[in-house]
Amino acid sequence: MLIGIDLGTTNSLVACFRNGKAELIPNSLGQLLTPSVVSIDSEGRVYVGSSAKERALLHPEESASVFKRSMGTDREFSLGKHKLRAEELSSLILRSLKEDAQKYLGESVTDAIISVPAYFNDLQRKATKRAGELAGLNVVRMINEPTAAALAHGMGEEGNCTYLIFDLGGGTFDVSVLELDAPIMEVHAIAGDNFIGGEDFTDILLRLFLERTGLYKEVLDPRTMIELRKIAEHCKCTFSYSPETLMCCNVNGKLHAMNLSIEEYEKACEPLLERLRKPIERSLRDAKLRLRDIDKVVLVGGGTKSPVIRRFVERLFQRAPDQRTDPDKAIAIGAALQCGIKNREEQIREIVLTDVCPFTLGTEVIVGEGMYAVDGHYLPIIERNTVIPVSRTETVCTSHDNQSRITVKILQGESRMAQNNLLLGELSVPVPPGEQGKEKADITFTYDINSLLEVEVTVRSTGLKRKMLIRGNSCNLTEQEAEERMEALHHLKLNPGEEEPNRLLLLRGERMYEEATMEKRHKIDRAVTAFEQALNKGDRTEISRQRDLLKQTLDRIEQDPDY
Ligand code: AMP
């Protein structure tokens, strides 16, 4: 069975194409959104999703979130004694989603289509693919998130329409300009910023709170910081229905509070809004369109639920954004539709989707001759926003006498100077020594539909070929290291799905006990203990009764300060 996965910075979703339509799959708690959070306890038990998010409040040192931003890097996250890279943490999320899907569908799931931010670079894409493999999934395709959202949005539409997809997730921002001329959907341009997202808008609130209350981030412990972030996130979301927010937090026994109006918040967000404007302008420039040529602006990603973002979009485009699709679910639905297209399901097999590569790819060359030669220049081979799949060749020659090798640097980026672009890899071929410029090599870059790059260098005189599929950063590990890590990862066991609701409730109880004092603590303690005893006895009716009682107690304590 093939599933579609939206592997988000903050939340992830899984879906499939069944009975002629896309279907979202609930997790073991019956929810469609699984928080992209992982936590590992001292016994090596892995928590994923809501229970991990709850556990992170009590055990931040054993938990990790927002790791999508570190995909394709060497950064390691410490979860207690375990050290995991972003792709390994992502693989645990994927493993959990895969298990949810298997349980829901009642069949084994082997293949997946995973969505990635359109502006993800080659290393980040390869890390995503590896995360899938580590989760035991064959990643048959990666689809750009805004393209998936456009697919979900454009499904069933008729006629011709030019869209701009504005996708602000938790940690990334993507813009895509597309044209739908049913059944053909053509992406014209992609732009984005991998380092701006909804989380940065939470940071603004957090910063204002610290400034106004005189608290210093440096002296606050990690638990308080996580608690503050959670409150800031909640307050940020209250702007969706209220023009004012009250942010309160108890720090070291003292209550700190800040009252903030949406106008003040919006003002503080201006530098971030300015950053959002740049990719929009660039995507329009690349697509050779003006703001007024866009027929519909579609909002995708949790970040676009903010009225500050909606107002920004409205001001910029002089029109209200299209609200038809749920910004949280559009990408997963699009990924599921892509599963249908891939399987050539009757209902959607006519749809033709063309995508483009987000970045320019090229190599380093010397320009000029003799004393005027300057090295370190960038030679673009595939220009950004070229329709994929694509294959392009450029020829280079030896730059000095008796050169014995030609070394090709594989670069990604837009800068004129090679060193400012991202080095993806290097390929070296031997050439017969001779006069400068005599030996020539053809460099062929091939970019497939998943935006994965393959490079081939051919020496013209000898016919010698070298090929390289850029594997991403995990190849910094030796093969043995990679295997050892894989082995260690397989030993980590996910918390069984059927235990998830109970575990989540117990974790919530534990956390609220720590936050509460006196009488409230007694109430929580009594309810948690009774529930634990029922679980130990294994009597289903009693478990269900005590679970309801504990839930009621916790809800009341949270909602009613006088309880
Ligand atoms: P995603 O990765 O698409 O799930 O987006 C998650 C981001 O959306 C997080 O930064 C959330 O704080 C943000 N978000 C969700 N709901 C709202 C809301 N009502 N107002 C502002 N931001 C929101």
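The values are calculated or read from the model by the stated rules, or taken from the named source; none is laboratory data. Worth saying up front: this structure is predicted, and the values here are computed from it rather than measured. Here the Cβ is made from the backbone with ideal geometry for all residues, glycine too, and neighbour counts use every protein chain on show. Side chains are part of the model used for accessible areas, which takes the heavy atoms of the whole protein and leaves out ligands, DNA and RNA. Shrake-Rupley method; radii C 1.70, N 1.55, O 1.52, S 1.80 Å.
Okay, residues lined up against (1) exposed (fewer than 13 other Cβ atoms within 10 Å of the Cβ); (2) at pLDDT below 90:
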{"site": "Arg471", "(1), (2)": "no, yes"}
{"site": "Ala482", "(1), (2)": "no, yes"}
{"site": "His490", "(1), (2)": "yes, yes"}
{"site": "Leu506", "(1), (2)": "no, no"}
{"site": "Glu515", "(1), (2)": "no, yes"}
{"site": "Thr541", "(1), (2)": "yes, no"}
{"site": "Gln546", "(1), (2)": "no, no"}
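So which residues in the stretch 357-402 are among the hydrophobic types (A, V, I, L, M, F, W, C) and in contact with a Lys or Arg (Cβ under 8 Å, 6 or more places away or on another chain)?
Result: Cys357, Phe359, Ile381, Ile382, Val396, Cys397.
Just checking, which of Pro243, Pro222 is open to solvent by 20 Å² or more (accessible area, probe 1.4 Å) and under 16 Å from Glu515 (Cα atoms)?
None of the others qualify; the one that does is Pro222.
Yes or no, residue by residue, for (1) touching a Pro at 6+ places or on another chain (Cβ under 9 Å); (2) more than 16 Å from the ligand (Cβ to nearest atom); (3) under 30 Å from Glu514 (Cβ atoms); (4) among the basic types (Lys, Arg):
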{"residue": "Cys249", "(1), (2), (3), (4)": "no, yes, yes, no"}
{"residue": "Lys254", "(1), (2), (3), (4)": "no, yes, yes, yes"}
{"residue": "Pro271", "(1), (2), (3), (4)": "no, yes, no, no"}
{"residue": "Arg277", "(1), (2), (3), (4)": "no, yes, no, yes"}
{"residue": "Asp295", "(1), (2), (3), (4)": "no, yes, no, no"}
{"residue": "Gly302", "(1), (2), (3), (4)": "yes, no, yes, no"}
{"residue": "Val308", "(1), (2), (3), (4)": "no, no, no, no"}
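Quick one: Phe317 ticks every box in (1) over 22 Å from the mean Cα position of the chain (by Cα); (2) away from the ligand (no atom under 16 Å from the Cβ); (3) surrounded by fewer than 16 Cβ atoms within 10 Å (Cβ to Cβ) except a single one, so which number is it?
Condition (3) is where Phe317 drops out.
Among the listed residues Asn144, Asn121, Asn138, Asn160, which satisfies the condition of being more than 25 Å from Leu57 (Cβ to Cβ) and either within 16 Å of the ligand (Cβ to nearest atom) or out of contact with any strand residue (DSSP E or B) (no Cβ under 9 Å at 6 or more places or on another chain) (or both)?
None of the others qualify; the one that does is Asn144.
In the stretch 22-54, which residues are in a strand (DSSP E or B), more than 16 Å from the ligand (Cβ to nearest atom) and either under 11 Å from Leu79 (Cβ atoms) or out of contact with any strand residue (DSSP E or B) (no Cβ under 9 Å at 6 or more places or on another chain) (or both)?
Ser39, Ile40, Val46, Tyr47
So, Ala64, is that one in contact with a strand residue (DSSP E or B) (Cβ under 7 Å, 6 or more places away or on another chain) and either within 16 Å of the ligand (Cβ to nearest atom) or of a type in the set (Asp, Glu) (or both) or not?
Yes.
How about the stretch 38-76: which of its residues are of a type in the set (A, V, I, L, M), open to solvent by 10 Å² or more (accessible area, probe 1.4 Å) and at pLDDT 95 or above?
Val48
Name every residue in the stretch 137-179 that is open to solvent by 30 Å² or more (accessible area, probe 1.4 Å) and in contact with a helix residue (DSSP H, G or I) (Cβ under 9 Å, 6 or more places away or on another chain), in order of residue number.
Correct list: Asn138, Val140, Arg141, Met155.
Within the stretch 336-356, how many residues are open to solvent by 60 Å² or more (accessible area, probe 1.4 Å) and part of a helix (DSSP H, G or I)?
3
Looking at the stretch 7-21 only, could you name the residues that are assigned to a strand (DSSP E or B), within 15 Å of the ligand (Cβ to nearest atom) and open to solvent by less than 20 Å² (accessible area, probe 1.4 Å)?
Once the filter is applied, which keeps residues that are assigned to a strand (DSSP E or B), within 15 Å of the ligand (Cβ to nearest atom) and open to solvent by less than 20 Å² (accessible area, probe 1.4 Å), the stretch 7-21 yields Leu7, Ser12, Leu13, Val14, Ala15.
Do we find that Gln436 is at pLDDT 90 or above and not hydroxyl-bearing (Ser, Thr, Tyr) in this structure?
no
Scan the stretch 163-185 for residues that are out of contact with any Lys or Arg (no Cβ under 6 Å at 6 or more places or on another chain) and more than 14 Å from the ligand (Cβ to nearest atom) and jot them down.
Matches in the stretch 163-185: Leu164, Val175, Ser176, Val177, Leu178, Glu179, Leu180, Asp181, Ala182, Pro183, Ile184, Met185.
Condition check: modelled with pLDDT under 95, surrounded by fewer than 17 Cβ atoms within 10 Å (Cβ to Cβ) and touching a strand residue (DSSP E or B) at 6+ places or on another chain (Cβ under 8 Å). Does Leu299 satisfy that?
Answer is no for this residue.
Looking only at the stretch 180-192, which residues are surrounded by fewer than 18 Cβ atoms within 10 Å (Cβ to Cβ) and either among the aliphatic types (A, V, I, L, M) or in contact (Cβ under 8 Å) with a residue 24 or more places away in the chain (or both)?
Hits for the stretch 180-192 are Ala182, Pro183, Ile184, Glu186.
Could you give me the residue pairs with C-beta distances under 6 Å whose first residue belongs to the stretch 226-249 and is free of Cβ contacts under 8 Å to residues at least 24 places away in the same chain and farther than 16 Å from Ile204 by Cβ, whose second residue is within 12 Å of the ligand (Cβ to nearest atom) and open to solvent by less than 20 Å² (accessible area, probe 1.4 Å) wherever it lies, and which are 6+ apart or on separate chains?
Pairs that qualify, where the first residue is free of Cβ contacts under 8 Å to residues at least 24 places away in the same chain and farther than 16 Å from Ile204 by Cβ and the partner is within 12 Å of the ligand (Cβ to nearest atom) and open to solvent by less than 20 Å² (accessible area, probe 1.4 Å), are Pro243/Ile262.
When you look at Tyr216, is it open to solvent by 80 Å² or more (accessible area, probe 1.4 Å), closer than 29 Å to Ala52 by Cα, more than 16 Å from the ligand (Cβ to nearest atom) and hydroxyl-bearing (Ser, Thr, Tyr), yes or no?
It is true that Tyr216 is open to solvent by 80 Å² or more (accessible area, probe 1.4 Å), closer than 29 Å to Ala52 by Cα, more than 16 Å from the ligand (Cβ to nearest atom) and hydroxyl-bearing (Ser, Thr, Tyr).
Looking at Tyr241 and the list (1) out of contact with any Leu (no Cβ under 9 Å at 6 or more places or on another chain); (2) in a strand (DSSP E or B); (3) within 14 Å of the ligand (Cβ to nearest atom), which single condition is not satisfied?
Single failed check for Tyr241: (2).
Each row is one residue, and each column tells you yes or no for (1) assigned to a loop (DSSP other than H, G, I, E, B); (2) in contact with a helix residue (DSSP H, G or I) (Cβ under 6 Å, 6 or more places away or on another chain); (3) surrounded by fewer than 21 Cβ atoms within 10 Å (Cβ to Cβ).
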| site | (1), (2), (3) |
| --- | --- |
| Pro327 | yes, yes, no |
| Gly334 | no, yes, no |
| Pro358 | yes, no, no |
| Glu364 | no, yes, no |
| Met371 | no, no, yes |
| Asp375 | no, no, yes |
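Provide a single number: the residues in the stretch 406-426 that are open to solvent by less than 20 Å² (accessible area, probe 1.4 Å) and over 30 Å from the mean Cα position of the chain (by Cα).
Residues that pass the stated criteria total 2.
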